[in-house]
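Notes follow the structure.
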Amino acid sequence: MGEMRMIEAVRAAITEEMERDERVLVMGEDVGRKGGVFGATDGLYARFGESRVLDTPLAESGIVGIAIGAALNGLIPIAEIQFADFIHPAFDQIVSEAARTRYRTNGDYSVPIVIRAPFGGGVHGGLYHSQSIEAFYAHVPGLKVVVPSTPSDAHGLLKAAIRDPDPVLFLEHKKVYRLVTEEVPDGDHLLAIGPAAVRREGTKLSCFAWGLMTHYCLQAAQELESEGVSVEVVDLRTLAPLDRDTILESVRRTGKAMVVHEDNLTGGFGAEVAATIAHHAFDSLDGPVVRVAAPDVPGMPFNTPQEDFFMPSPDKIAEAMRQLAAY
């Protein structure tokens, strides 16, 4: 397929799955003629028509609720939430209905929907266009939470999510949409939901991240390499289910661990990763499990100095790596 940015890989995955299976449809705010605010669905309306690319009202609860009903009646909806910040009105539909349907019907019904949501900061989005919401939903059994960090992963994981028989929340970091370009494999490229990816091998400490923070951790690790500190960077890619085996194998090799995410520190998903390491690899640790995350403030500031203060950065991550390596 050639080189693609993440936004192009997302669009390609949706297009391929709509061509493969006529039950697949797209719905959300401005996904039709406009092609989505980021262009993820650009061209789909002209190609597949209004019966399969549906513009909806600004009502996230309705978007997800209708998607659930369509899925229960044999369709495979891809529901776009325009920004992850706006997903909260649909919380009850996602958590109480979509995630629990297979369990409460004893397997008689499933809800094969994909909920796509651009998330994350660093783009001057302010309070209502910068949130990281993964911890709320990774807490819920019955719901898969996928967070790709590369175009190839976005393509393969989204195709797998569309074919999954259960609900998947697919989080796409909007700063990564056009940040990197890479080769996306030809053919029916699928990546299994679940396994993490070791992006960089190392011996001194293990660093775990997802989304934009994977790229920042790789930059920091490159800087530390020149200082004689070998850092292993593991991209979790999927938060639910969590690849605990890869996490523990990495920590047992290096003896030190840190987790990086841009959500608030308290109650962020990094706490679950840290608890997993402390519980199952305590005897392998040669230092505390370190978390690098955003401060506990109510929202992302708009102006550049305060946004920079809020966001983890390669420099902040590199300094935390130095301190942990020296512990």
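Data overview
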quantity	calculated
Those strands (runs of 3 or more DSSP E) lying entirely in the range 1-76 with at least 3 residues in contact with a strand residue (DSSP E or B) (Cβ under 6 Å, 6 or more places away or on another chain)	2-5, 24-28
Subset of the range 213-241 (residues that are touching a Leu at 6+ places or on another chain (Cβ under 8 Å), in contact (Cβ under 8 Å) with a residue 40 or more places away in the chain and within 19 Å of residue 152 (Cα to Cα))	215, 236, 237, 238
Qualifying residue in the range 89-97 (condition: surrounded by fewer than 21 Cβ atoms within 10 Å (Cβ to Cβ), in contact with a strand residue (DSSP E or B) (Cβ under 9 Å, 6 or more places away or on another chain), among the hydrophobic types (A, V, I, L, M, F, W, C) and more than 21 Å from residue 215 (Cβ to Cβ))	no
Subset of the range 146-192 that is without any contact (Cβ under 8 Å) to a residue 60 or more places away in the chain and touching a Lys or Arg at 6+ places or on another chain (Cβ under 6 Å) - its residue that is surrounded by the most Cβ atoms within 10 Å (Cβ to Cβ)	168
Options 255, 194, 211, 187: the member that is in contact with a His (Cβ under 8 Å, 6 or more places away or on another chain) and farther than 13 Å from residue 321 by Cβ	211
Condition met for residue 135 (aliphatic (A, V, I, L, M), surrounded by 21 or more Cβ atoms within 10 Å (Cβ to Cβ) and either under 20 Å from residue 172 (Cα atoms) or modelled with pLDDT of 95 or more (or both))	no
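Per-residue answers, yes or no, for (1) in the same structural domain as residue 6 (by TED's automatic domain parsing); (2) within 23 Å of residue 76 (Cβ to Cβ); (3) of a type in the set (A, V, I, L, M); (4) assigned to a loop (DSSP other than H, G, I, E, B):
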position	(1), (2), (3), (4)
131	yes, no, no, yes
135	yes, no, yes, no
141	yes, yes, no, yes
166	yes, yes, no, yes
171	yes, yes, yes, no
175	yes, no, no, yes
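The values are calculated or read from the model by the stated rules, or taken from the named source; none is laboratory data. Just so we're clear, the structure is a prediction, and the values are computed from it rather than from any experiment. A quick note on method: Cβ atoms are made from the backbone with ideal geometry, for glycine too, and the neighbour counts reach across all protein chains shown.
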